[in-house]
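The values are calculated or read from the model by the stated rules, or taken from the named source; none is laboratory data. What you see is a predicted model, and the numbers here were worked out from it, not measured in a lab. Virtual Cβ from ideal backbone geometry, glycine too; neighbours counted across all protein chains shown. For accessibility, only protein heavy atoms count, side chains too; no ligands or nucleic acids. Shrake-Rupley method; radii C 1.70, N 1.55, O 1.52, S 1.80 Å.
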Amino acid sequence: MTSFTKKEYEFLKELGIGPQNLGCYVNGTWKATGPVISTVNPANNQIIAEVVEASAQDYEEGMSACAEAAKIWVQVTAPKRGEIVRQIGDALRANLQEFGRLVSLEMGKILPEGIGEVQEVIDMCDFAVGLSRQLNGSVIPSERPNHMMLEMWNPLGIVGVITAFNFPCAVLGWNACIALVCGNCVVWKGAPTTPLVTIAMTKIVASVLEKNNLPGSIFTSFCGGADVGQAIAKDTRIPLVSFTGSSKVGLAVQQTVSQRFGKCLLELSGNNAIIVMDDADIKLAVRSVLFAAVGTAGQRCTTCRRLLVHESIYEKVLEPLVDVYKQVKIGDPLEKGTLLGPLHTRTSRENFEKGIHNIKSQGGKILTGGSVVESEGNFVHPTIVEISSKAEIVKEELFAPVLYVMKFKTFEEAVEINNSVPQGLSSSIFTRNPENIFKWIGPQGSDCGIVNVNIPTNGAEIGGAFGGEKGTGGGREAGSDSWKQYMRRSTWNQFWLVEIGADTPVSLVNSSCKVLMIAPESLK
């Protein structure tokens, strides 16, 4: 029994969502013949709506049509492709509030974060529009006379995108906006626990393609579980698979894709640290830590999970931080004033409880929080733990609002602790010392893909390349030159043919032989 008739769910109709929904957009039509699943509101664990997932037959039909559409889309000029993405951004703008509300409802993040996530996709559309006129190659000086050498970038064909529940539409935007303007079709498998976001997003993209008389299969989407993800990873028609999720699953995806010599773009686990030096602005640091550690209920890949504080100011940082933690308003993410919504699933809540048990068994001291909130939803108290940096659990990513705090004596020790975990996504230092700042961002500093100064570990801007090192996967999405991952590079050499006679310089004849593979004697 769904709660779809509730007044607070009426806005879903404006996004094309009903009590029962087909979860596959294949060959320009909505269909699905797989299992029926229910999507739930993590604030109360009540069913929102039902979705029919993809079957193997649906997948094959969708991929066959997508492969044909790729032959058409590649012939559309890059600026025209940018125009299509611009229209997608405008369609999202027109539905910003409703779509943001859906993200908040189904994922569980607070409403300002839900709206902000949709805005990020809009921003990515704007970024991609400009990029569509800047997919530039290079002219490279040739060492041979009368030769030229160029570097060109061409589409891959189809890009597979597998996204996670914590950013159910933003990660799709980071990938799809760039992939589309680069001339690729997109095959998307959204998270199995946020199918309504997948459907609503696809309906917006599909409406733009239809309005422009383009094949709907340029953008193909599936709601489904691991079986669909495995099909994408194994599919030789998909040269690039972008996967966002845990390091464990990401490694399995990478191994599968690599077996067929495909390419992977991985955005995996984070175990991000904030370092607070003895010269830091303590008020700024405390506010930043709260935002980074508690936001999205600790379910961001860039969530601050470790706080390293110089021993001389340890109490000065910890006391106000514990105090503000106790003031965090926990509740319905759609209600105004809520700062901490629920964890996404009951399993997430159970993992939080197991994590707290393991923390205590490894010598961790709970300074605040450490328990679930007794309710129908998946709420937990934001938690601060005093623990050794050498504890095994500190090296793991507990996807919940749990912050480990520890002391350090020197800058070098802090960097060593920051770099001691298997993951390498985001990091930040709070200091006024220029020497420490330049060491921090240099080769002797943080080994992460994101290296911040005096701002939190989260809140990355789309203009920069987003991603991390080590167990985070090494992929880069969104800005900078990330677009190159969605294209193939061709190096083009050309010889300007000239008539070769008795007076032709030997150097020119020899240079032509390198290209034409013929001996000078045969040219006499």
Self-check item: Residue under evaluation LYS189, criteria (1) crowded, with 23+ Cβ neighbours inside 10 Å; (2) within 29 Å of MET152 (Cβ to Cβ); (3) of a type outside the set (A, V, I, L, M), criterion not met
Solution: (2)
Quiz item: Cβ-Cβ below 7 Å, separation at least six or inter-chain, first residue in region 437-452 and of a type in the set (A, V, I, L, M, F, W, C) and in a loop (DSSP other than H, G, I, E, B), second at pLDDT 95 or above and surrounded by fewer than 18 Cβ atoms within 10 Å (Cβ to Cβ): which pairs?
Solution: CYS448/GLU469
Quiz item: Taking region 71-106 on its own, how many of its residues are touching a Pro at 6+ places or on another chain (Cβ under 8 Å) and closer than 17 Å to SER221 by Cβ?
Solution: 3
Quiz prompt | In region 23-42, the residues that are among the hydrophobic types (A, V, I, L, M, F, W, C), under 24 Å from the mean Cα position of the chain (by Cα) and farther than 16 Å from THR220 by Cα | solution = VAL40
Practice problem: Determine whether SER132 is of a type in the set (Ser, Thr, Tyr), closer than 27 Å to SER348 by Cα and open to solvent by less than 10 Å² (accessible area, probe 1.4 Å). | Solution: no
Practice problem: List every residue pair whose Cβ atoms sit under 9 Å apart, with the two residues 6 or more apart in sequence or on different chains, where the first one lies in region 37-61 and is in contact (Cβ under 8 Å) with a residue 40 or more places away in the chain and the second, anywhere, is among the basic types (Lys, Arg) and buried (at least 22 other Cβ atoms within 10 Å of the Cβ). | Solution: ALA54/LYS189
Quiz item: Name the pairs whose Cβ atoms lie under 9 Å apart, with the first residue in region 200-212 and open to solvent by less than 40 Å² (accessible area, probe 1.4 Å), the second part of a loop (DSSP other than H, G, I, E, B) and of a type in the set (S, T, N, Q), and 6 or more positions between them or separate chains?
Solution: ALA200/ASN95; ILE204/ASN95
Quiz prompt | Test set (1) open to solvent by 20 Å² or more (accessible area, probe 1.4 Å); (2) within 23 Å of VAL380 (Cβ to Cβ) - GLN254 fails condition number | solution = (2)
Exercise. State yes or no: is ALA70 in contact with a Cys (Cβ under 9 Å, 6 or more places away or on another chain) and touching a residue at least 40 places away in the same chain (Cβ under 8 Å)?
Key: yes
Quiz prompt | Residue list for region 219-228, filter: open to solvent by 10 Å² or more (accessible area, probe 1.4 Å) and of a type outside the set (A, V, I, L, M, F, W, C) | solution = GLY225, ASP227
Practice problem: Would you check if there is a residue in region 176-183 being at pLDDT 95 or above, under 30 Å from ALA400 (Cα atoms) and buried (at least 21 other Cβ atoms within 10 Å of the Cβ)? | Solution: yes
Exercise. For region 93-129, enumerate the residues that are in a loop (DSSP other than H, G, I, E, B), touching a Ser or Thr at 6+ places or on another chain (Cβ under 6 Å) and either β-branched (Val, Ile, Thr) or open to solvent by 20 Å² or more (accessible area, probe 1.4 Å) (or both).
Key: ILE110
Quiz item: So which strands (runs of 3 or more DSSP E) are wholly in region 1-82 and hold at least 2 residues that are open to solvent by less than 30 Å² (accessible area, probe 1.4 Å) and either within 26 Å of VAL103 (Cα to Cα) or touching a strand residue (DSSP E or B) at 6+ places or on another chain (Cβ under 8 Å) (or both)?
Solution: 24-26, 36-41, 46-52
Exercise. Please go through region 409-436 and pick out each residue that is part of a helix (DSSP H, G or I) and either basic (Lys, Arg) or free of Cβ contacts under 8 Å to residues at least 12 places away in the same chain (or both).
Key: GLU412, GLU413, GLU416, PRO434, GLU435
Quiz item: Any idea how many residues of region 139-175 are within 30 Å of GLY225 (Cβ to Cβ) and open to solvent by 30 Å² or more (accessible area, probe 1.4 Å)?
Solution: 3
Exercise. Being surrounded by fewer than 24 Cβ atoms within 10 Å (Cβ to Cβ), farther than 12 Å from GLN259 by Cβ and of a type outside the set (Gly, Ala, Ser) is the filter; apply it to region 236-247 and report the residue that is nearest to the chain's Cα centre (by Cα).
Key: LEU240
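Being open to solvent by 40 Å² or more (accessible area, probe 1.4 Å) and of a type outside the set (Val, Ile, Thr) narrows it down to one of ASN436, ASN458, ASN418, ASN454, so name that one.
The conditions single out ASN454.
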